[in-house]
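The values are calculated or read from the model by the stated rules, or taken from the named source; none is laboratory data. Since this is a predicted model, take the numbers as computed values, not measurements. As a convention, Cβ positions derive from the backbone with ideal geometry for all residues, glycine included, and neighbour counts pool all protein chains shown.
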């Protein structure tokens, strides 16, 4: 059978030979030759293992003295990693900290801003002194999100409404999708009014890979005196951001996807400096100001930075791999990573479209425009569940998301152009050979 592809494998391999990032693959232990699931869990690198091993050795050799005498003293480790992460989200160091998990950070930040600013015009929020702790009226307590969000965002937001005696069905306003794949700016704008206190959107939709215009959405929120918050779990480490320049109010993200810091690794958060000094909705000892933390006062005094939103002690063994991962990413350069990511995803989309034109039931559910595309491609197929299982059986590690999406992530640090071509060949092969027909619909994690 002749090839349906408009691009030859030799041409893809030639691009690998000229790729300045190709050597980084050797620093990862990739569990499969075609590992395309880095948008869900990135693989371990030598760099991440090195910093994890260092902290384990410090624990073994120094015990409690690691808090003050570690190579990077554990006492300020979360702030240190926040400073390291700040350039990747375009923020000042004191606006970023690693802490908690993504879901906990959504609870904490949504709760904080429902308590303190939902009924206060955002443009008046130049200093915490403009706020008070009085009960918030129900008016202005609408959060706008979208129906294609990752579920945990909605679980947390709805819970925060219930904690405040508010009906989530009345106060969580969802923007509907026109096509089941994307959310259009015009529909978000139509959902906004003077009752909205917070616009909370992902930077990238987890199923389709649609990338949002953070600056434009922030401007929209502020036009209605609402706050703009973002879940950046599917973009940090793959897409450079400029949160401070865009005047974003707050954001959260994880570090186990494109940041490759390991399963369950510590999350990160950004809080615009104008809100430093607020009392978080979920305060904890570790977010108390460092200068008085060991005074052990029973009255909480928040740190004057994003560090106030730390709740418990920094989990060193969940944070340490991130340091090494950032060493590697610093060396690679986020702009080069983004440029290659766009090329890889465009190549994959082209090859999938070639299959579609050849009569295969594949289609691309990710926007074609580079400024609307994150780091993965949503390949759609009527039997996506079974096709994804057949691909994994062949060593192509992807995942399935209902109802019809095979998520394929050519992460630039360990995936090459020829790899993408080989994935497309496997997409063809599982149909030509009928491999997918041997599988049944899966249950649980995929």
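The set of residues in region 294-312 that are under 31 Å from the mean Cα position of the chain (by Cα) and over 13 Å from residue 78 (Cβ atoms) comprises 300, 301, 302, 304.
Considering (1) assigned to a loop (DSSP other than H, G, I, E, B); (2) within 19 Å of residue 109 (Cβ to Cβ); (3) at pLDDT 95 or above, say which one residue 258 fails and leave the rest. Result: residue 258 fails condition (2) only.
Would you check if there is a residue in region 184-191 being under 24 Å from residue 338 (Cβ atoms), surrounded by fewer than 18 Cβ atoms within 10 Å (Cβ to Cβ) and free of Cβ contacts under 8 Å to residues at least 12 places away in the same chain? For region 184-191, residues under 24 Å from residue 338 (Cβ atoms), surrounded by fewer than 18 Cβ atoms within 10 Å (Cβ to Cβ) and free of Cβ contacts under 8 Å to residues at least 12 places away in the same chain: present.
Could you check region 27-49 and list, in sequence order, the residues that are under 19 Å from residue 233 (Cβ atoms) and out of contact with any strand residue (DSSP E or B) (no Cβ under 7 Å at 6 or more places or on another chain)? Across region 27-49, the qualifying residues are 41, 42, 48. Pairs are defined by a Cβ separation below 7 Å, a sequence spacing of at least 6 or placement on different chains, a first member in region 1-21 that is in contact (Cβ under 8 Å) with a residue 40 or more places away in the chain, and a second member that is in a loop (DSSP other than H, G, I, E, B); the pairs so defined are 4/358; 16/416; 19/416; 21/412; 21/413.
If you go through region 242-253 and pick out every residue that is in contact (Cβ under 8 Å) with a residue 40 or more places away in the chain and either surrounded by fewer than 24 Cβ atoms within 10 Å (Cβ to Cβ) or not assigned by TED's automatic domain parsing to the domain that holds residue 153 (or both), you end up with 4.
If you go through region 159-197 and keep only what is in contact with a strand residue (DSSP E or B) (Cβ under 6 Å, 6 or more places away or on another chain), within 17 Å of residue 113 (Cα to Cα) and not in a strand (DSSP E or B), you end up with 171, 195. Yes or no: region 286-301 includes at least one residue that is touching a helix residue (DSSP H, G or I) at 6+ places or on another chain (Cβ under 7 Å), assigned by TED's automatic domain parsing to the domain that holds residue 78, touching a residue at least 12 places away in the same chain (Cβ under 8 Å) and assigned to a helix (DSSP H, G or I). Yes, region 286-301 contains at least one residue that is touching a helix residue (DSSP H, G or I) at 6+ places or on another chain (Cβ under 7 Å), assigned by TED's automatic domain parsing to the domain that holds residue 78, touching a residue at least 12 places away in the same chain (Cβ under 8 Å) and assigned to a helix (DSSP H, G or I).
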